[in-house]
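What follows is a set of notes on a single structure, which appears directly below.
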Amino acid sequence: MEPNNQTRVSEFILLGLSEKPEQETLLFALFLFTYVVTVTGNLLITLAIGSDPHLHTPMYFFLANLSLVDFCLATDTVPKMLVNIQIGSKSISYPCCLTQMYFFHFFGIMDSVLIAVMAYDRFVAICHPLHYTTIMSPRLCSLLAGGPWMFSCFISLTHILLMARLVFCGSNELPHYFCDLTPLLRLSCTDTSINKIFVLVVAGTVIATPFICILASYVRITVAIVKVPSAGGRKKAFSTCSSHLFVVALFYGTTIGVYLCPSSVRTAVKEKASAVMYTAVTPMLNPFIYSLRNRDLKGALRKLVNRKITSSS
């Protein structure tokens, strides 16, 4: 039943990562640096893959999609925090809060599903190399990349519709630096049981299920690599998966801690620290993780940068 004797909340106060004013200058500098590196790195990866015909393969097609999603995920949360620190205002209107939460979940779900799709691509490449081209056809690649966009849109919209039915009439202080679902549910003065059930269902669908599929893929990949007769062949096969495994560890290690751990072991500090990892740190590191050990991608990046320098001179 909706409370009638209290005023509805029309805006929220984002308390940010720290409530100490003296730390905000340092946080601004750190997150500005992180965001600039994230934007530059992910856009360079996307442009390099798109401009080099040699990289028009399923693996790089999915990587370009992941880089685009990482750029959008960081853009949804970090700039708002930077603006709040710069102008000294921590408020965000209720509609803007729901909009930010929609895109955060949209791109977060996309990240999770795309990482699982990339694991399937590596599984086919290593376990079924002779049939790789046939299995990973352009049509299947389009479905594997396009399907998550539609699925993510549906899940995120459902989250927002369920959130819109809630009433916020008490405290409007959100102990976070963006509008995340779990902290918002704690502020509602109406029943949130349906929302919490949906959170668990979605977490199981878009976090636990892809993670289990990734683990199953890498069990099969490991078995296949062990059977490779030459040490050089085993090293080459493992090197194609090591970057992806590192990304899996970064992304799922933080999201599982936030959305699948019992609420009794979660704190606002832990939630904010995990959120920083998968909204700022991971999108910044992904371009380096995938490019540092990849000769083809480094070559494409050099060509792209040299082309831009030549055209501007």
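The values are calculated or read from the model by the stated rules, or taken from the named source; none is laboratory data. Small disclaimer: the values here were computed from a predicted structure and weren't measured. Neighbour counts are summed over all protein chains in view; Cβ atoms, including those assigned to glycine, are modelled from backbone coordinates with ideal geometry. When the accessible area is computed, the model is the full protein with side chains, heavy atoms only, and any ligands, DNA or RNA have been set aside. Shrake-Rupley method; radii C 1.70, N 1.55, O 1.52, S 1.80 Å.
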Could you tell me which numbered condition SER10 fails, if it satisfies all but one of (1) out of contact with any strand residue (DSSP E or B) (no Cβ under 9 Å at 6 or more places or on another chain); (2) of a type in the set (S, T, N, Q); (3) open to solvent by 50 Å² or more (accessible area, probe 1.4 Å)? (1)
Consider only pairs whose beta carbons are under 9 Å apart and that are at least six residues apart or on different chains; among these, list those whose first residue lies in segment 57-71 and is free of Cβ contacts under 8 Å to residues at least 24 places away in the same chain and whose second residue is open to solvent by less than 50 Å² (accessible area, probe 1.4 Å) and in a helix (DSSP H, G or I). ALA64/ILE45; ALA64/THR46; ALA64/ALA48; ALA64/ILE49; ALA64/LEU55
Among the residues of segment 37-48, is there at least one that is polar (S, T, N, Q), closer than 17 Å to GLU173 by Cβ, outside any loop (DSSP other than H, G, I, E, B) and touching a residue at least 24 places away in the same chain (Cβ under 8 Å)? no
I'm checking my understanding of the structure. Among residues of segment 88-112 that are closer than 17 Å to ARG165 by Cβ and touching a helix residue (DSSP H, G or I) at 6+ places or on another chain (Cβ under 7 Å), which one is most open to solvent (accessible area, probe 1.4 Å)? TYR102
How many of the residues in segment 295-313 are open to solvent by 70 Å² or more (accessible area, probe 1.4 Å) and either modelled with pLDDT of 75 or more or not in a loop (DSSP other than H, G, I, E, B) (or both)? 12
Against the conditions (1) under 30 Å from PRO183 (Cα atoms); (2) in a helix (DSSP H, G or I); (3) touching a Phe, Trp or Tyr at 6+ places or on another chain (Cβ under 9 Å), where does HIS105 fall short? Just the number, please. (3)
Considering only segment 267-294, how many residues are part of a helix (DSSP H, G or I) and of a type in the set (Lys, Arg)? 2
Taking SER152 as the residue in question, decide whether it is closer than 18 Å to VAL202 by Cα and either assigned to a helix (DSSP H, G or I) or of a type in the set (S, T, N, Q) (or both). yes
Flagged in segment 282-294 as modelled with pLDDT of 80 or more and either over 18 Å from HIS56 (Cα atoms) or open to solvent by 70 Å² or more (accessible area, probe 1.4 Å) (or both), in numbering order, are THR282, PRO283, MET284, LEU285, ASN286, PHE288, ILE289
Residues to consider are SER243, SER217, SER193; find the one that is out of contact with any Phe, Trp or Tyr (no Cβ under 9 Å at 6 or more places or on another chain), small (Gly, Ala, Ser) and either open to solvent by less than 70 Å² (accessible area, probe 1.4 Å) or modelled with pLDDT under 85 (or both). SER193
Output for segment 75-95, where each listed residue is touching a residue at least 24 places away in the same chain (Cβ under 8 Å) and either of a type in the set (D, E, K, R) or out of contact with any Leu (no Cβ under 8 Å at 6 or more places or on another chain) (or both): THR75, ASP76, THR77, VAL78, PRO79, LYS80, GLN86, LYS90, SER93, TYR94
